Each structure stands twice: as C-alpha cells, then as structure tokens.
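Student: Sharing a structure below in structure tokens format, with a few things to ask.
The values are calculated or read from the model by the stated rules, or taken from the named source; none is laboratory data. In this text the structure is predicted, and so the values were computed from the model without any measurement. When we count neighbours, we look across all protein chains shown, and the Cβ atoms used for this are built from the backbone with ideal geometry, even at glycine. The area values use the complete protein model at the heavy-atom level, side chains included, leaving out ligands, DNA and RNA. Shrake-Rupley method; radii C 1.70, N 1.55, O 1.52, S 1.80 Å.
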Amino acid sequence: LLSDLAGTLVEQTSGWNLLREVLGINADFRDVISGKVGVEEWKEKEREDFRRKGLSYKKCEKIFEKYSQPKKGATKLLNEARRRGYVVGILADEPYEHLKSFFRKTFFYPDFYTCLYISYDYSGLFDKIIIPYSFNGLSAKHLALRDIFYKYRPKKIIILGDNYNDIQVFYESKSLYNNVKTIAVNPKVEDLEKVSDHIVYDLLHIIKFL
C-alpha cells in the first residue's frame, strides 16, 4: 500500500503551503509552472522569505504539530493494511517535519517513506531544501516505485493520491507493474480522476479494496 501524504492522509493539501500561510508568505508556484518565474529565482526568493520569517527547525515542528491533522480513518486504514500483510509506504514530497508530525499523531510508522529535507544553517535558520535520491530527473517518489519491485516483489499494489502531482505516479506504477489499483482520495483535479481505478471520499472505504 503506497500513499501520498498531504491531502490524502492529512487534511492539509500541502505542507509547504501550510508553512507559507502560517508565516504570512505570499507565493504561488503556478508562476514557475507558467514560466513567469524561473525555478532558481523561485528557490532564492523562497529561501529569503523563510529566513526573513525566522523559520527554524523548532518553529517548523511547532507549525506542523499545531496545524496539520491526520484525516479521519487514516490510522485505522494503515493499521488494517499492515495487519493483512501489506508493506506500507508513504511517498511524499513534503518536509520531513510534516511526516514526523503525522507519525507522532497516528503512532504509525511506515515500512518506508520518501520526503524532502530542510537544511538549517549554523544559526538554526532555514538554508535550503534537500531533494534526496533524485536521479536523471526522477523524483524520490518515482525511484521508490522502481525499488519496490526489486525489494519486495509485490503481488498487488494499491496507490493512493489526491492531486496533480500523483497523476504521473499513477501512470508510472501501471507501466511498471501488472496488478496495480490506483485510488483517488477526494481528488482535487479532474485529470487524476481519469487515471484512477476508484474514487473515494472516505479513507475507510479503501479497506474493501485490500
């Protein structure tokens, strides 16, 4: 069982946007997608904004602890999947601090996960975002999909997602494996619905597909 985090297992649709919202930072990544702003220019501006707002490791932890909430049924679904013998992974492009908050609140620790890491400078302030395991343009999510086959040899894979960044993961999983079931959880974009085998609005409804 592989699941996205933001918007799928937790109420917040983006941990990065949650940080920006709480800190009062006005930013729109659609400017990068449209080409209005270059990626490097975006990164530098975001770095300046986070540092100006004093984002430290402790402040980051406190924000997720206070504002990020697991979705109803998340803990029961994950525990039930494990009870039935599933290997459970969380494939996220979220800050590690967000995953850590989810682990604490649900008392559930997946068999593996992907995430992004924030590095902090000597003064304790935000320095940069570290993207681990990126290779030839593939994100950690996509690399994990490949690793799963070689490490676990799964007979069945269920993948959960909610937004546009899960579309490629759904596509790629079906190109790599035969027995894959893709489930959109309260989908935010119509294009995700088109590539999903099932659409649910309650995490507990996924149990019948296990």
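Student: Test of understanding: what is the full-extension gain from ILE130 to LYS151, defined as 0.36 nm times their sequence separation minus their Cα-Cα distance?
Tutor: Full extension from ILE130 to LYS151 adds 5.1 nm.
Student: For the chain, find the longest principal axis of its Cα atoms and tell me its angle to the long axis of helix 140-152, 0 to 90°, nearest 10.
Tutor: 30
Student: With all protein chains present, how much of the accessible area of the chain (probe radius 1.4 Å) comes from carbon and sulfur, to the nearest whole percent?
Tutor: The computed percentage sits at 51.
Student: How far, in degrees from 0 to 90, does helix 74-83 lean away from the longest principal axis of the Cα atoms of the chain, to the nearest 10?
Tutor: 50
Student: About the Cα centre of the chain, what is the dipole size in debye to 20, counting +1 per Lys and Arg Cβ and -1 per Asp and Glu Cβ, all else neutral?
Tutor: So the dipole magnitude of the chain works out to roughly 880 debye.
Student: Placing +1 on the Cβ of each Lys and Arg and -1 on the Cβ of each Asp and Glu in the chain, which of TYR109, SER56, ASN165 has its Cα farthest towards the positive end of the resulting dipole?
Tutor: Value computed over the given set: TYR109.
Student: Using Cα atoms only, what is the angle between the long axis of helix 57-67 and the major principal axis of the chain, expressed in degrees (0 to 90) to the nearest 10?
Tutor: 50
Student: Also, I was wondering about something else. Given a 1.4 angstrom probe, what's the average accessible area per residue across the chain, in square angstrom?
Tutor: 54
Student: Contact order normalised by length for the chain, with contacts defined as Cα pairs under 8 Å and 6 or more residues apart; what percent is it?
Tutor: 23
Student: Within straight cross-link reach of LYS62, meaning Cα distance under 24 Å, which lysines are found once same-chain residues fewer than 8 apart are removed?
Tutor: Of all the lysines, those that pass the test against LYS62 - Cα under 24 Å, at least 8 places apart if same chain - are LYS43, LYS45, LYS53, LYS71, LYS72, LYS100, LYS105, LYS128.
Student: Next question, about the same structure. Which order do peptides 81-89, 93-101, 149-157 fall in by mean Cβ count within 10 Å, highest first?
Tutor: Highest-to-lowest ranking by the protection proxy: 93-101, 81-89, 149-157.
Student: Of the labelled options [x] 1, 7, 15, 18, 20, 17, 11, 7, 3, 1; [y] 1, 7, 13, 12, 13, 11, 11, 9, 8, 6, 3, 2, 1, 1, 0, 0, 0; [z] 1, 7, 16, 21, 22, 17, 10, 4, 1, 0, which one gives P(r) over Cα pairs in 5 Å bins from 0, in percent as computed for this structure?
Tutor: [x]
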